[in-house]
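Remarks on the structure that follows.
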């Protein structure tokens, strides 16, 4: 974690985020409150979040780049500003397209495996 002197109850700087590689070329930085979690996801070009599901409800927004999202039986190419919702238990997959992709995800309940 970051410098104890700069720790805050309310603010999370870059050094204090939990970091994890979740798939090849896909890294996340997370923070959580009591009931929700934020996850900044960064994809290298062409990186893939393989098909999976989890009990957590997930919503998010693409911040940078373009990605092909597959959620349930629908798929769509999303660009900056596009949002998505994924109910718990629904299979989903994401493929980064021609450049770096950044997305912000919100989870409820908190994904303990991302802390």
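Quick one: order 73, 105, 98 by neighbouring beta-carbon count within 10 Å, fewest to most. List each step's numbers first, then the result.
Numbers: 73 7, 105 20, 98 10.
In increasing order of surrounding Cβ atoms, one gets 73, 98, 105.
The coefficient of translational diffusion for the stretch 1-69, derived via Stokes-Einstein from the alpha carbon Kirkwood radius under 20 °C and 1.002 mPa s, stands at 153 µm²/s.
Provide the gained length on full extension for the span residue 70 to residue 35, in nm with one decimal, where the gain is 0.36 nm per separating residue minus the Cα-Cα distance.
On the way: separation 35, 0.36 × 35 = 12.60 nm, distance 2.63 nm.
10.0 nm is the gain from fully extending residue 70 to residue 35.
Please check which bits of the stretch 46-73 a label hung off residue 23 would reach, taking the label as a point 7 Å along Cα-to-C-beta and the cut-off as backbone N under 13 Å. Inside the label zone: 46-54, 67-72.
Its relative contact order, with pairs defined as Cα atoms under 8 Å and 6+ residues apart, puts the chain at 31 percent. Taking the chain as a Gaussian network, where each spring joins two C-alpha atoms under 10 Å apart, which residue of 11, 69, 23 fluctuates the most? Looking only at 11, 69, 23, the largest GNM fluctuation is found for 11.
Note: relative contact order over the stretch 46-96, using C-alpha pairs below 8 Å and six or more positions apart, is 52 percent. For the stretch 16-114, the equivalent ellipsoid built from the Cα gyration tensor has semi-axes of 19, 16, 12 Å, listed from largest to smallest. For the pair residue 16 and residue 106, label points projected 7 Å from Cα toward Cβ lie 2.1 nm apart.
No value in this document is a laboratory result; all are computed from the given coordinates. Every value quoted in this text rests on a predicted model; they were computed, and no experiment measured them. Counting neighbours? That spans all protein chains shown, and the Cβs are built from the backbone with ideal geometry, glycine included.
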